[in-house]
Amino acid sequence: MYPEIQPYETSTLKVSDIHILYYELSGSKDGTPVVFVHGGPGGGCDEKDRSFFNPHKYKIILFDQRGSGKSTPTACLEDNTTWDLVKDMEKLREKLNIETWHVFGGSWGSTLSLAYAQSHPDRVKSLILRGIFTLRKSELHFFYQDGASHLFPEAWDEYLAPIPEAERHDMILAYHAQLNSIDDSTRVQAAKAWSKWEMSTSKLYVDPSYISRAESDVFANAFARIENHYFINSGFMRDGQLLEKQEIDKIRHIPCIVVQGRYDVVCPATTAYSLKKVWPELELHIVPDAGHSSREVGIAKLLVDATNKFADLQ
């Protein structure tokens, strides 16, 4: 990854009567524009996210999605859907007077990147995607109900703990009740447990410093509540919509590189493979010794290789 840099501009964009987005620009003012689409939903951006891009060639655009990171109001679920976020990306592009841009997203960021590209294919120069997630019921069931639990049983026990045994047949629904409780302590306890489950399973080698992110009340509340809100609503789209042929046909002409960890249990490789089958033109790289996180060495290297490859794309 490139050395860490600071933004040359930070600002906000009012996108609705309720929501104000934080965004920032770094790298080259005259560079080719690239928008970084963060994960979660609810995760927000990190300053290290700028380092996937050559700062001499790219105008690097980071923004926090509704309710996430530095956007306000934090953890707000009202007027917060996939299609609201797609519209926000267009508002941001127009505000910055950008004709077309590269779109870079991992995990939920890959979901939103695909949804945006399928809605505005003429605005996307390239797609660089990591840890493909399309919000199908089967994907959610694997991670939140029965699948990853077989690989991380000790972390799964901690995830189960806040939920009464009688409600564990539908963990997403059970968490929904607690994450929207009027009792602050119930809500925060559930948010931390939900977030810790994902942080505990995101890397091939469990990283205590990564897990510690879940201890922040503010981060965990936004991350857990917004994720659960999207998942309980099936991403506000048809099951498998992003993989439908008529949707892929809209973006088939866009150069696309996908980087996928072989041992990603948050967003298993089967989804990236499903995308490759319906879209054979894309370039798929499966990293043999990596899990989910973009910070894992093999994944980070291939993501930087991809941004370098597309830096001079006309």
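The values are calculated or read from the model by the stated rules, or taken from the named source; none is laboratory data. A quick note: this is a predicted structure, and the numbers were derived from the prediction, not measured. Glycine also receives a Cβ, built like all others from the backbone with ideal geometry; neighbour counts cover every protein chain displayed. Keep in mind that these areas ignore ligands, DNA and RNA; they rest on the heavy atoms of the full protein, side chains included. Shrake-Rupley method; radii C 1.70, N 1.55, O 1.52, S 1.80 Å.
Descriptive notes on the structure:
- When the stretch 275-292 is filtered for residues that are more than 20 Å from Gly39 (Cα to Cα) and assigned to a helix (DSSP H, G or I), the ones remaining, listed by number, are Lys276, Lys277, Val278.
- Some residue of the stretch 119-131 being more than 24 Å from Met1 (Cα to Cα), crowded, with 24+ Cβ neighbours inside 10 Å and not β-branched (Val, Ile, Thr): no
- Scanning the stretch 133-150 for residues that are closer than 11 Å to Val266 by Cβ and part of a loop (DSSP other than H, G, I, E, B) yields Phe133, Gly147.
- The set of residues in the stretch 87-110 that are open to solvent by 40 Å² or more (accessible area, probe 1.4 Å) and assigned to a helix (DSSP H, G or I) comprises Lys87, Lys91, Glu94, Lys95.
- All conditions in (1) in a helix (DSSP H, G or I); (2) closer than 17 Å to Ser107 by Cα; (3) out of contact with any strand residue (DSSP E or B) (no Cβ under 9 Å at 6 or more places or on another chain); (4) in contact (Cβ under 8 Å) with a residue 60 or more places away in the chain hold for Arg295, with the sole exception of (1).
- Scope the stretch 252-279; condition of a type in the set (Phe, Trp, Tyr) and within 20 Å of Ser119 (Cα to Cα); matching residues: Trp279
- Applying the set (1) surrounded by fewer than 19 Cβ atoms within 10 Å (Cβ to Cβ); (2) outside any strand (DSSP E or B); (3) among the aliphatic types (A, V, I, L, M) to Val265 leaves exactly one unmet item: (1).
- When the stretch 22-42 is limited to residues that are polar (S, T, N, Q) and outside any loop (DSSP other than H, G, I, E, B), the one that is most open to solvent (accessible area, probe 1.4 Å) turns out to be Thr32.
- Which numbered condition Val259 misses (of (1) touching a Ser or Thr at 6+ places or on another chain (Cβ under 8 Å); (2) buried (at least 19 other Cβ atoms within 10 Å of the Cβ)): (1)
- Look at the stretch 192-208: where a residue is under 24 Å from Asn180 (Cα atoms) and a partner is acidic (Asp, Glu), sitting 6+ places away or on another chain with Cβ atoms under 7 Å, you get Lys192/Glu215; Ala193/Glu158; Lys196/Glu158.
- Output for the stretch 50-70, where each listed residue is open to solvent by 10 Å² or more (accessible area, probe 1.4 Å), over 18 Å from Ile20 (Cα atoms) and of a type outside the set (S, T, N, Q): Arg50, Pro55, His56, Lys57, Lys59
- Among the residues of the stretch 194-227, just one is open to solvent by less than 50 Å² (accessible area, probe 1.4 Å), of a type in the set (A, V, I, L, M) and farther than 23 Å from Leu173 by Cβ, namely Ile211.
- In the set (1) out of contact with any Ser or Thr (no Cβ under 9 Å at 6 or more places or on another chain); (2) surrounded by fewer than 14 Cβ atoms within 10 Å (Cβ to Cβ); (3) free of Cβ contacts under 8 Å to residues at least 12 places away in the same chain, Ala161 fails one condition alone, (3).
- Considering only residues in the stretch 171-185 that are polar (S, T, N, Q) and without any contact (Cβ under 8 Å) to a residue 12 or more places away in the chain, the one that is least open to solvent (accessible area, probe 1.4 Å) turns out to be Ser181.
- Residue among Thr307, Thr270 that is among the polar types (S, T, N, Q) and open to solvent by 10 Å² or more (accessible area, probe 1.4 Å): Thr270
- Each residue in the stretch 154-175 was checked for being of a type outside the set (A, V, I, L, M, F, W, C), assigned to a helix (DSSP H, G or I) and over 21 Å from Arg213 (Cα atoms), and 2 pass.
- Filter pass, Ile251 being part of a loop (DSSP other than H, G, I, E, B) and either surrounded by fewer than 18 Cβ atoms within 10 Å (Cβ to Cβ) or at pLDDT 95 or above (or both): yes
- Taking the listed residues Gln189, Gln241, Gln246, the one that is surrounded by fewer than 19 Cβ atoms within 10 Å (Cβ to Cβ), closer than 27 Å to Trp279 by Cα and polar (S, T, N, Q) is Gln246, with no other qualifying.
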